[in-house]
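The structure appears below as structure tokens.
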Amino acid sequence: MELAEDFVRQWQALGGKATVVSSYAEAAAYLADMAGARGVRTACGWDDPVLESAGVAGTLRSLGVTYETPASGLTREFCEGATLGVTTADVAVVETGTLAMAFGPGRPRSVGLLPPSWVAIVPAGRLAPARPDLIKWLGQQVRSGQAPAQIGMCSGPSRTGDIESILLTGVHGPGDVHAVLVEGEA
Amino acid sequence: MSAAPTSTFKERVTRERAKGNVIAAVKAGAERMMRARQSAWGALGDAEVQRLRDAAKAAKQKAIGNLDFYLDQFVTQVNRRGGKVHLCKDSAEATRRVTDIARQAGAKLAVKSKSMATEEIHLNQALAEGGVQAVETDLGEYIIQLAGEMPSHIVGPAIHKTRDDVAELFTKDAGRPISNDPVELLGYARARLREAFITADIGITGCNVAVAETGSVCLFTNEGNARLVTSQPRIHIVVVGMEKLVATWEDFEPIMALLARSATGQQLTSYCTVVTGPRREGEIDGPEELHVVVLDNGRSQLRGTEFEEALHCIRCASCLNVCPVYRLVGGHAYGDVYSGPIGAVLTPLLRGMDGYCDLPQHGTSLCGACSEACPVQIPLHDLLQRLRVRAVREKRVPAGDRLAMRLWAWLWSSPARYRLFGRAGRWLSAPLARNGWLKWAPGPAAGWTAYRDLPAPSARPLRDRLQERGLGRGAR
């Protein structure tokens, strides 16, 4: 699927890791792989239908990872101690390589932010080509009666050029960021 | 706090130019950012860039032209979503308001993401006096905070520091040796600042764009520090200049498209965060209280004047990066928080002509590169020239200079006197010329010849040569 491949390319150009999978089961396998490779022991995640469909909780717990979401009593402090955060995204914009998320109850800001690794599992139906699509989504979100208190639009890993203009990643936000696009899902 | 500087621009330039490493770093950084912007604008294509620049300019004109209305709307919208807005006339009121909020909250520690407005009002100092430690979390700001310096560039505040400088600062801060390896430096800063993020009582941010329509505050960072500052502490305080407003999300779009491209050459910064009110019921993170401190501090006085367009600035630093003066003297020569062309315009307007009229007088060659580079098309070189006119009108030019200008105007306002002036110039400079160049000239010209050779006036002026060819005065 072209949009998905284009997004992968853009996200990678920004310094992130990305892959296209054809099912939620494959997404879970990717998650298990990267968690294993990084020796993840604690992880946090969102309460979200996409994560449920991908069986994130089951996958991570079967690896012996301690995994919490808001529903199981996730706290800020736990996110700080975790090495992996798992979320979805509400729209993935190809042109800018952006994953946009409306935070809120069940979708804490800290999950894709505090741990050094972040995986976003995104149904490919949420891909959109360009910046105007991002603005349209943004406008819809903030103009609604239930506007999210915070919206995060993330285009790659945390980075800086503040020391001699040398590009460094993983400054405050995660440096190890993964976009997993699930084909055939919306 | 009185803003009158203790030195002149020329004195500061002399002082800064002596710091060879600093100047080299500033020039290299500015060059890199300029090329990044040019590349990003180039990728969009001329037509699209112009369309965005026109849209961005229109968006700012609309907001600034109706600022009272949109401020009102912004306040209403923020209140509706559970936040509080504090409209503050000046630095003193703004810092008082912030320290009051901190005191009421029993706060001891504040984490800050980058905000030029907070530098402008010297907020950290006021907080310290109020018993609140404020920690800068933007890596560049953290570095200069440790160094006790002002930012030298709007986007890269520590552009003038080498990795050795940073290692020295971090070693002192850590009480143990930190090497100059950038990755180790980064690791130190990340760990040190993470502690602050998690335990801070208050998070303070600036605001890149405020949207009146929904009372939203937009923050762009690459590091993610604004997201941490607005998700971990219990209280979020935004300090924002009143001119940062736009009316609608449609107006936000061209600015969002241009800001990162102009500042760093990126399409978007790694993090674009939109804050609309404090946390909702049921969230486990995010601030419980949102306070937006809207700063006037001299801005409202510019509305309806010939300087109003200075309020359109989106703080991208494009003008700094192309300015031949900035690139030669660095940010600290400007003597205040804003440097480069926009600094030379805003500082005398906001802080007073008394201390700062020498910025437009001596800090520009009016080359216009700034106006060409500005994404919102502020005619910076026009504003600089108008400030010079104002300086003359307010008699801020030495009497001798004013007299000399009047004399010169008189001499050149008649053809006969003009020709006489030319002949006198040739007679006087002939003994000083070597191979057609003046390597030294007296009086005001000595300022030029100290750094450049001046071409000696030709023995045969153009007027005579044209006459010889039948093309001069009286030619048919």
How compact is the stretch B:141-292 by the rule of thumb for globular proteins, expressed as Cα Rg over 2.2 N^0.38 Å? 1.15
Using the 10 angstrom Cβ neighbour count as an exposure proxy, how do B:319, B:313 rank, fewest first? B:313, B:319
So how far apart, in nm, are the two label points at residue B:128 and residue B:38 if each is 7 Å from Cα heading toward Cβ? 4.1 nm
Relative contact order as a percentage, the stretch A:105-170, C-alpha pairs under 8 Å and 6+ apart, gives 16 percent
With no solvent and one point on each alpha carbon, what is the Debye value of log10 I(q)/I(0) for the stretch B:329-476 at q = 0.19, 0.22 Å⁻¹? -1.16, -1.27
Checked against the positive end of the charge dipole of the protein assembly as shown (+1 on Cβ of Lys and Arg, -1 on Cβ of Asp and Glu, about the Cα centre), the farthest of B:218, B:341, B:150 is B:341
Please give the residues of the stretch B:377-400, grouped as numeric ranges, whose backbone N is less than 20 Å from a label point set 7 Å along the Cα-to-Cβ vector of residue B:428. B:398-400
FRET efficiency for residue B:61 and residue B:399, Cβ-Cβ distance as r, R0 = 56 Å, nearest 0.05? 0.90
Quick note on A:33, B:285, B:100, A:47, ordering by fewest other C-beta atoms within 10 Å, gives A:33, B:100, A:47, B:285
Tell me, how many Å apart are the Cα centres for the stretch A:41-117 and for the stretch B:387-445? 71 Å
Stretched out fully, how many nm does the piece from residue B:192 to residue B:68 gain, at 0.36 nm a residue minus the Cα gap? 40.4 nm
How much length, in nm to one decimal, is gained on full extension between residue A:77 and residue A:13, taken as 0.36 nm per residue of separation minus their Cα-Cα distance? 19.8 nm
If the viscosity is 1.002 mPa s and the temperature 20 °C, what Stokes-Einstein diffusion coefficient in µm²/s follows for the stretch A:113-186 when Rh is the Kirkwood radius over Cα pairs? 146 µm²/s
Over all alpha-carbon pairs in the protein assembly as shown, figure out the percentage whose distance exceeds 38 Å. 39 percent
Which three extents, in whole angstrom, do the alpha-carbon atoms of the stretch B:109-182 cover along their principal axes, largest first? 34, 27, 16
Treating the beta-carbon of each Lys and Arg as +1 and of each Asp and Glu as -1, no other charges, what is the dipole magnitude of the stretch B:263-417 about its Cα centre, to the nearest 20 debye? 1000 debye
Given B:161/B:395; B:62/B:395; B:10/B:114; B:172/B:244, the pairs whose alpha carbons are separated by over 31 Å: B:161/B:395; B:62/B:395; B:172/B:244
Please state the charge dipole magnitude for the stretch A:4-52, taken about the Cα centre, from unit charges on C-beta atoms (+1 on K and R, -1 on D and E), reported in debye and rounded to the nearest 20. 320 debye
q = 0.22, 0.28, 0.29 Å⁻¹, the stretch A:43-103: log10 I(q)/I(0) [Debye, one scatterer per Cα]: -0.92, -1.20, -1.24
Take every Cα-Cα distance within the stretch B:419-458, group them into 10 Å bins from 0 onward, and report for each bin the whole-number percent of pairs it holds. 33, 56, 11
Farthest positive-ward along chain A dipole, Cα basis, beta-carbon charges - from A:66, A:179, A:103: A:103
Work out, in µm²/s and without decimals, the Stokes-Einstein translational diffusion coefficient of the stretch B:319-382 at 37 °C, 0.692 mPa s, Rh from Kirkwood over C-alpha pairs. 287 µm²/s
Hey, how much of the P(r) for the stretch A:144-186 falls beyond 15 Å, as a percent of Cα pairs? 63 percent
Quick one, what does Rg over Rh come out to for chain B if you take C-alpha atoms and the Kirkwood Rh? 1.04
May I have the extent of the alpha carbons of the stretch B:1-135 along their three principal axes, as whole Å values ordered from largest to smallest? 49, 43, 27
Tell me the angle of helix B:399-412 to the major Cα principal axis of chain B, expressed in degrees between 0 and 90 and rounded to the nearest ten. 50 degrees
Let me have the 222 nm mean residue ellipticity of chain B computed from DSSP H runs of 4+ only, each contributing -39500 (n - 2.57), with the sum over all residues rounded to the nearest 500. -15500 deg cm²/dmol
Looking at B:274, B:312, B:245, which one has the Cα that reaches farthest to the positive end of the dipole of the stretch B:244-327 (charges on Cβ: Lys, Arg +1; Asp, Glu -1)? B:312
Pulled fully out, how much extra length does the chain show between residue B:79 and residue B:389, if you take 0.36 nm times their separation in residues and subtract their Cα-Cα distance? 107.2 nm
For the stretch A:1-102, what is the convex hull (Cα atoms) projected area averaged across all directions, in square nanometres? 6.8 nm²
If you wrap the stretch B:220-322's Cα atoms in a convex hull and average its projection over all directions, what's the area in nm²? 8.3 nm²
On each of the three principal axes the extent of the alpha-carbon atoms of the stretch B:85-141, given in whole Å and largest first, is 29, 24, 20
Got a sec? How would B:120, A:185 order by Cβ neighbour count within 10 Å, fewest to most? A:185, B:120
How big is Rg to Rh over the stretch A:51-186, alpha-carbon atoms, Rh as the Kirkwood inverse-mean-distance radius? 0.97
Per DSSP H run of at least 4 residues, take -39500 (n - 2.57); add these up for chain A, divide by its residues and hand me the 222 nm value, nearest 500 deg cm²/dmol. -9000 deg cm²/dmol
So, with +1 on the Cβ of K and R and -1 on the Cβ of D and E, and no other charges, what is the size of the charge dipole of the stretch A:95-186 about its Cα centre, to the nearest 20 debye? 380 debye
At residue B:452 and residue B:234, where each label point lies 7 Å from the Cα along Cα→Cβ, what is the point-to-point distance in nanometres? 6.1 nm
Test of understanding: express the Cα radius of gyration of the stretch B:237-279 as a ratio to 2.2 N^0.38 Å, with N the residue count. 1.30
Nearby aspartates and glutamates by direct alpha-carbon distance to residue B:60 (threshold 14 angstrom, same-chain neighbours under 8 apart not counted): B:68, B:243, B:250, B:251, B:253, B:308, B:309
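Here, each number is a calculation from the coordinates, and none is a lab measurement. Note that the structure is predicted; figures quoted are calculated from it, not measured. FYI the Cβ positions are ideal-geometry reconstructions off the backbone, even for glycines, and counts take in every protein chain you see.
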